[in-house]
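Readers should treat all values here as calculations from the given coordinates under stated rules, not as data from a laboratory. Model, not experiment: these values are computed from the prediction. Neighbour counts are summed over all protein chains in view; Cβ atoms, including those assigned to glycine, are modelled from backbone coordinates with ideal geometry.
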Amino acid sequence: MNKNRISFCEGGLKKVFFMMRLSFYLVLLGCLHVSAAIDAQTRVALNVKNVTLHDVIWELQKQTGFVFLYSTQDIESVRLSEVSAADKSVKEVLDDCLKNTGLTYNIQDDVIVIRKAEALPALPQQTIAVRGIVRDDSGETLPGVSVRIKGTSTGTATDVQGRFEIKVPSLKNTILVFSFVGMIPQEVSASDKEMQIVMQREDTQLDEVVVTGYSTVSREAYTGSATVVGADKIAERPVASFQDVLRGNSPGTLVTSTGQPGVGATIRLRGISSMNASNAPLYVVDGVVWDAANMSGDAEYPTNPLNTLNPSDIASMTILKDAASSSLYGSRGANGVIVITTKQGKQGQKVNYTVDVQFGVSRIFKASKPDLVNREEFIDLWLEGEMHYQIQRKAGKKFFDEVKKIYADKEGYKFSGKNYNEWMNLAKSEFNKQFKIYNPVKNNYYNAFFDKDGAKGEDYSRLPDVDWYDEVTRVAPFQKINASARGGNDVVKFYTSLEYFNQQGILRSSELKRYSFRANLSSDNANRFLNWGISNMMSYSDQSGPRRDALGYAMPQYTALSLAPIVPVKLEDGSYNFKFPSNVNSNMNPVAIGKYYTYARPQLKALLSGWLKFNFTKWLNFKSVAAVDYLHTRKRHYYDKDFGDGKKDNGYLSERDARRTMITNSNLLYFNKTFGGVHDVSAYGGIELETMTSAYISASGKNFLSDDYPYLSASSVLASLGGSGDEYAMFSWLMKLDYAYDNKYYIGGSFRSDRSSRFHPDHRVGNFWSVSGAWRISQEKFLQDNPVINNLKLKASYGVNGTLPSSYYSWRPRYGFGYDYGGDAGIAPAAIANRELTWEENKVFNVGLDIRMWDRLNIGLEYYSRKSSNLLLDEPISMVTGHEDRLVNSSAGLKNQGIELEMSVDIIRDRRVNWEFSMNLATLKNKFFGLKSDDIGTQIKRNGESYYSWYLREWAGTDPETGEQRWYYTDTDGKKAITKKYDEAERKIVGCALPKVSGGFSTVISFEGLELSCLFTYGLGHKVLDYTGRVATKNDGKRDYRTMERDQLDRWTPDNPGGKNPLRINTKWDRWLSTRYLYKGDYLKFKNLKLQYTFPAHVVSKIRLGGVKIFAQAENLIAFTALKGYDPEMTLNGYRNPDDYPSATTYTAGLQINF
């Protein structure tokens, strides 16, 4: 079957890409010429007492537009008894503060570098000018780098373009020392040629900040719980979505997803808090809330709006986890908040261009691939099971006795006139009938696999040896090309990028292509009254892939487990095989499905946001942010007219076109002022508005003349037509107040009130709040000069936030259309209203300790407790109402508590060699309370027990005498006993799918330009269920026409009484669910390995480049776990499912060029 198809996405793609390129050029053109400088005579007002030099610098930075660069080691011991400056220039303040400290400073445009001063002999009068340029290891120029002649006090600093000029006495024996905050100092011999200096980053980061979405807070002043994942953790990872980067990099963050390119990951921060509403965190990008809801209208073919965001645009991700961090987001912050900050331009930087190129391949991750039997193994197992089945038909209750006798004397003992070999020959004759192969040439079947004596027949060689999982998967190409430009100064700064991303899926019918454009443009200076910023993102992603979360035959990964290795993919004439044993899979060939069926889900996302800020004074400003977020999603499925589900309809097409528009507006007044030198007060408050409208239209058609034109106009029968829409709105007001005394004691509080259209007017208002505090113990006198402890902070917080129902209209009676009668339009009740519906409530307590020791070891330790109540449930109601249930707030609740640990250490920190190690660990204890009754299934919901608790019968192993299945039960004396009757065995809680301990660890080793890094993830203390084995590959012959895993080779027979699995009997054994299929879930996964090399500056400068870096890496290398054929990071609920898209190992090589 050879067919030519028209691409679904040829139409608007060229226009979209053209508009993206045009926008890129216009923004770039508008930003190439920007220049200004801050005046060093800028006036400031300060009146503080008993402060550190760091505190003064922070205040100067807030009052001016200067960027301060310094080393913590240089300034941490400098304390100032009083700084009084009613109306002084920055220069005057610095002169006063640095007097008699051994420190000096340089001012270059808007950069101030503070460094140690040296009083050494002056230089001779005759000098030579040495010039050069300094860049970082990514090729970007560095302003404000200190350049000093070694052994002298003579020095300078680089300008805004990273250039310097210094007078030296001679070139011979003259060493220049380059130093810059966050960089490893360098000593380089002076040269008469233009010097090209590349500075490597230190492992430590100074003045780290926490971005909350509403404000930016220094790490030392932050009283909440947050984890920051920097760009260095995101850079060059071969992932389609930023969600994948969170694995192993953030404690208390559980991330699971399948291998489908672009699929949305399941992310849980600090446990599970809801049964009916969402448990997913809130996503905020540059201050704008992103709606991550599926727009396809079908949970089995979902879209993921988050995959429209280019990970290369991300500067940092901040994971907010406690009430002090997330209560400001009110009804949406109960499950935590992930705040994403995209890259911006830099002040004092000329235009810098970066091009990243990656190419690679993906193949199925070995840990997720089932270990299937080959042809000979399958035939042996099938014949054995069939022989036992034929004997059982005759022997009835005497079966086990007769089988043992037949095996004991294979030649002499006969039952029903047949000995062992004769029974086996009967099984072989049945094999000939069951697995016949169609001959399209003669329109008959090949079935002479065994002759009447049981020997191999003339057609035996026609039996193939097929691994169907290999047939439906492939080695898939990976491509990513990203180009960006950034620059700016005090007036305007900008960042813009273009990306092409193409990740083919390892299943032949899947892929993700993305074309994205971003432009961030801003003008922000504390000395100007009016400031502004614009952020524009446009992204087109084309995702395709098979159905998920359903055991459907049109799912190649599931169907591949249904076909025996002796079933051919193609027939001898080269056509696909559509005649399977027992008509398994409805004769749907998964390889043909992957080639001819289409499951396309393209998305177009356009996001435009802008802000205005008015600086009324140094300490009071107003900021207004507005954003329009437009998402257009399509779903197009076409089923081929010649086979499978499409055959009965002579071709079937389903289309859905959905559009969603979100408009948000935030207006906040900010206050930030220091009183009396020691009282810092920060506050902000204002209002927010959010509205959403969405609509869709869907249609399906059948009976196509040809598969070559799969559009609705080509169908002769309109099978369905539908459409609908949704709206919601929320109005909020919020405020936050923070107070700090002497940079040692901190207290803060927040309040937010939400009014949501998802509730009846009487219950629309939800009020949420938090209080928090911190004590910087290291600022106390008894620790200030401690040589071991550099920083020690104790913090605590408590607060309340909430969760909205997923449904927009559950408080109202709802009706469904399409119930026409007699040609008149009709409607019918769809759901009963609940006007009392209200918010779920989440109370969060957090206490933590942050420590830095020996200026190289960082430790963060936290304890948290979350208590969620008023949970939403679908409560069963009387069927006389015409409905089964309705959504209510129940007495049920969930409690999560645990400990989180983060640690990083600079093992080696040297000019040439650096070695950093970091790790994180989180514990989780989850339990229900307030349930009126147990909710029983394979997993039970019961008071005092965890979410995803397994509720199973306990497997007692195989009977060593008969090979029968056995289970445990409690006898009348209360003792544990064994039974062969499944219904006698009692169910009990036998473990939980949620890891009790999870986390990750990583290390980075660098030697000059060479760097090696690796990342591991792990989970401990949980159980996983091999549902794939139970329903498909370990069924002891129940579905005898399916393939099997090699685990089935270890089975009981009279010749192998120690076999693990029961005696095989084709079609007979029930696949009882018990702890037989339950495994320890503990795992260790080698997640990422990367090797990169940065070329020396003197090499790349010869070809007029700023920097060149090459790298190679691998993603998903090895997983160590008890259950084979299972990737432990695929499902949160602990199921190994046969319909899960397998995960992939990806190998890539890349090149980054800066100029």
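Quick notes
- Ordering of 276-283, 782-789 by burial proxy (mean other Cβ atoms within 10 Å per residue, highest first): 276-283, 782-789
- Phi angles across segment 682-687 convert, under the Karplus curve 6.51 cos²θ - 1.76 cosθ + 1.60 with θ = phi - 60°, into 3J(HN,Hα) values of 10, 8, 8, x, x, 10 Hz, Gly and Pro given as x.
- Estimated inter-spin distance, ASP824 and ILE697, nm [label 7 Å along Cα→Cβ]: 2.8 nm
- Report note on the peptides 971-980, 393-402, 331-340: ranked by the mean count of other C-beta atoms within 10 Å, highest first, their order is 331-340, 393-402, 971-980.
- Order of ASP1055, ASP322, ASP885 - criterion: other Cβ atoms within 10 Å of each residue's Cβ, fewest first: ASP1055, ASP885, ASP322
- Counted residue by residue at 0.36 nm each, then reduced by the alpha carbon distance between them, the extension gain from ASN419 to ILE777 reaches 120.3 nm.
- Counted by neighbouring Cβ atoms within 10 Å, the residues MET183, MET317, MET295 run from fewest to most as MET183, MET295, MET317.
- Whole-Hz couplings from phi, Karplus 6.51/-1.76/1.60, listed for segment 1005-1014; x for Gly and Pro: 10, 10, 9, 6, x, 9, 9, 10, 9, 8
- With kT/(6 pi eta Rh) evaluated at 37 °C and eta = 0.692 mPa s, and Rh the Kirkwood radius from Cα pairs, the chain diffuses with a coefficient of 98 µm²/s according to Stokes-Einstein.
- GLU945 long-range amide H proximity, modeled H, under 5 Å: PHE928
- A quarter of the convex hull surface defined by the alpha-carbon atoms of segment 209-350 gives 9.8 nm² as the mean projection.
- Extended-chain gain in nm, criterion 0.36 nm per residue less alpha-carbon gap, ASP465 and LYS981: 181.9 nm
- TRP733-MET879 FRET efficiency (beta carbon distance; Förster radius 45 Å; 0.05 resolution): 0.55
- Relative contact order [Cα under 8 Å, 6+ residues apart], the chain, whole percent: 12 percent
- Proxy reagent accessibility, fewest Cβ within 10 Å first, across TYR809, TYR951: TYR809, TYR951
- With 28 Å as the limit on Cα-Cα distance, the pairs of LYS795/LYS925; LYS452/LYS579; LYS62/LYS116; LYS436/LYS981; LYS91/LYS167; LYS49/LYS618 that go past it are LYS436/LYS981.
- Calculated SAXS-style log₁₀ I(q)/I(0) at q = 0.19, 0.21, 0.25 Å⁻¹ - segment 127-202, Debye, Cα scatterers: -0.69, -0.85, -1.19
- The distance between label points at ARG814 and LYS433 comes to 5.2 nm (points 7 Å beyond Cα on the Cα→Cβ vector).
- Gain upon complete extension [SER806, LYS397; 0.36 nm per residue less C-alpha separation]: 141.8 nm
- Taking all Cα pairs closer than 8 Å and separated by 6 or more residues, the relative contact order of segment 209-350 comes to 29 percent.
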